Amino acid sequence: AATLRIVSAMAERFGSHPQVIGWQLDNEYARLCYCDRCRTLFQDYLEEKYGSLETLNQHWTTAYWSQTYSAWEQIPIPIGRHHPGLMLEWSRFVTKSYRRFQQIQLDALRPHLPDHVWVTHNFMGWCDAFDHYELEEDLDQATWDWYEPTGHHDYLTSGGKHDLTRGFKQRNFWLMETQAGNVNWAGVNTTLNRGEARAMAWHAVAHGADAVLYWQWRSALGGQEQYHGTLVDQSGQPRPFFEEAAQVGDEFARISDLLAGSEIEARVAILNDYDSRWSLDWSRQHQDFDYVNHLLHYYKPLAARNIPVDIISADETLDKKYRLVIAPGLVILSPERAHQL
């Protein structure tokens, strides 16, 4: 209700403003709720999906470890490790909850927007709090926030985050936040080397970024991010990073006409699946296994050879444009996915 009031007020005030070209909903979805209301909604979701406790118990094999449920109210929210079927459905429920929350904002906002104004949300690379493909279905374009706490990026892995984000909508994306020199929340906060922000910006463009925005413009007088990197300080004077950001802006302005409308045409696809990632993370057969690192094991040799890659949903249509499709760790298979493969 509070979100609806805020978004409605902002939409009425700024929705038709001629200088507004796009709209970012909220900021970096990630938090979960474990209240009694959410538990009841989760139980309702399970009842609607499975229809009966008998069906749920059969699908989850709850007889093993004596976990059979005799009432919907008995089903908990999993905190920590729990039954794999319960944990998988909880993550799916979180995805649907965030999508409903996002739709509340979209419904309040869109009636006030001209047709050319787009709506997005700033996601966070490989964050696994929910299935990003579901939330992106209701948005107009994909964006993400790119930070390198150590001050140095590895193009063989950061390119994967760009390709992941581009794959959400199967088209170019924006960098909604990019590191303005340094962060203030890492174990070691090292600033970018001179020239690295420029390399990062062009690296992003080469992977389909249509815009590079920096967080943030001006340093706050206090609060949690008063020491976070910015372009100008509290008094409005340019900080050292300003000069390189201005150089990037100048280069973009001079070459934008050449790049406008360009798209990445990949002949290789890597399938990404949140269900499989969640499942493997909860039941690792080796303590060092990591789903993202496993996927990047296949991605890096391609990136090192400048071979473009689409990182796409495991449910995406695999048309004939791909010469190679890689499905690392795809352990959750529906009949539709099996048919596609």
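Can you tell me which of Thr165, Thr178 is of a type in the set (Ser, Thr, Tyr) and within 25 Å of Val94 (Cβ to Cβ)?
Details: Thr178 fails: within 25 Å of Val94 (Cβ to Cβ).
Selected residue: Thr165, the only one of Thr165, Thr178 that is of a type in the set (Ser, Thr, Tyr) and within 25 Å of Val94 (Cβ to Cβ).
Inspection of region 31-49 identifies at least one residue that is open to solvent by 40 Å² or more (accessible area, probe 1.4 Å), under 29 Å from Arg110 (Cα atoms), at pLDDT 95 or above and not in a loop (DSSP other than H, G, I, E, B).
Thr178 meets the conditions (1) surrounded by 20 or more Cβ atoms within 10 Å (Cβ to Cβ); (2) part of a helix (DSSP H, G or I) in every case but one. The failed one is (2). For residues in region 1-30 being within 23 Å of the chain's Cα centre (by Cα) and among the acidic types (Asp, Glu), which is most open to solvent (accessible area, probe 1.4 Å)? Here the residue is Asp26. Of all positions in region 263-274, none carries a residue that is assigned to a helix (DSSP H, G or I) and open to solvent by 50 Å² or more (accessible area, probe 1.4 Å). Keeping to region 249-262, report how many residues are among the hydroxyl-bearing types (Ser, Thr, Tyr) and in a helix (DSSP H, G or I). Total meeting the criteria: 1.
To keep it simple, each residue is scored yes or no on (1) closer than 23 Å to Gln179 by Cβ; (2) at pLDDT 95 or above; (3) not acidic (Asp, Glu).
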site	(1), (2), (3)
Ala220	yes, no, yes
Gln237	yes, yes, yes
Phe242	yes, yes, yes
Ala253	yes, yes, yes
Ala260	no, no, yes
Val268	no, yes, yes
Leu271	no, yes, yes
Asp275	no, yes, no
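Which of the following residues is in contact (Cβ under 8 Å) with a residue 60 or more places away in the chain, within 21 Å of the chain's Cα centre (by Cα) and open to solvent by 40 Å² or more (accessible area, probe 1.4 Å): Trp215, Trp185? First the steps, then the outcome.
Values: Trp185 fails: in contact (Cβ under 8 Å) with a residue 60 or more places away in the chain.
None of the others qualify; the one that does is Trp215.
State yes or no: is Glu148 more than 20 Å from Tyr299 (Cα to Cα) and buried (at least 18 other Cβ atoms within 10 Å of the Cβ)? When the stated conditions are applied, Glu148 does not pass them. Filtering Arg31, Arg110, Arg99 for residues that are out of contact with any helix residue (DSSP H, G or I) (no Cβ under 9 Å at 6 or more places or on another chain), under 22 Å from Leu135 (Cα atoms) and of a type in the set (Lys, Arg) leaves a single hit, Arg31.
Mind listing just one residue for me: the one in region 275-326 that is basic (Lys, Arg) and part of a helix (DSSP H, G or I) and, of those, farthest from Glu137 (Cα to Cα)?
Filtering region 275-326 for residues basic (Lys, Arg) gives 277, 284, 300, 305, 320-321, 323.
Remaining after also requiring part of a helix (DSSP H, G or I): 277, 300.
Working: Arg277: 20, Lys300: 28 Å.
Among them, the one singled out is Lys300.
The set of residues from region 73-123 being more than 19 Å from the chain's Cα centre (by Cα), surrounded by fewer than 16 Cβ atoms within 10 Å (Cβ to Cβ) and not in a helix (DSSP H, G or I) comprises Pro76, Ile79, Gly80, Arg81, His82, Pro114, Asp115, His116. Remark: pairs (first residue in region 81-97, touching a residue at least 40 places away in the same chain (Cβ under 8 Å); second residue open to solvent by 20 Å² or more (accessible area, probe 1.4 Å); Cβ separation under 6 Å; 6+ apart in sequence or on different chains) = Pro84/Trp282; Met87/Trp282; Phe93/Tyr45; Thr95/Asp131; Thr95/Glu134.
The values are calculated or read from the model by the stated rules, or taken from the named source; none is laboratory data. None of these values were measured; they are calculated from a predicted model. Note that each Cβ is placed from the backbone with ideal geometry, even for glycine, and that neighbours are counted across all protein chains shown. For the accessible areas, the whole protein counts, side chains as well, though only heavy atoms, and no ligand, DNA or RNA atoms are used. Shrake-Rupley method; radii C 1.70, N 1.55, O 1.52, S 1.80 Å.
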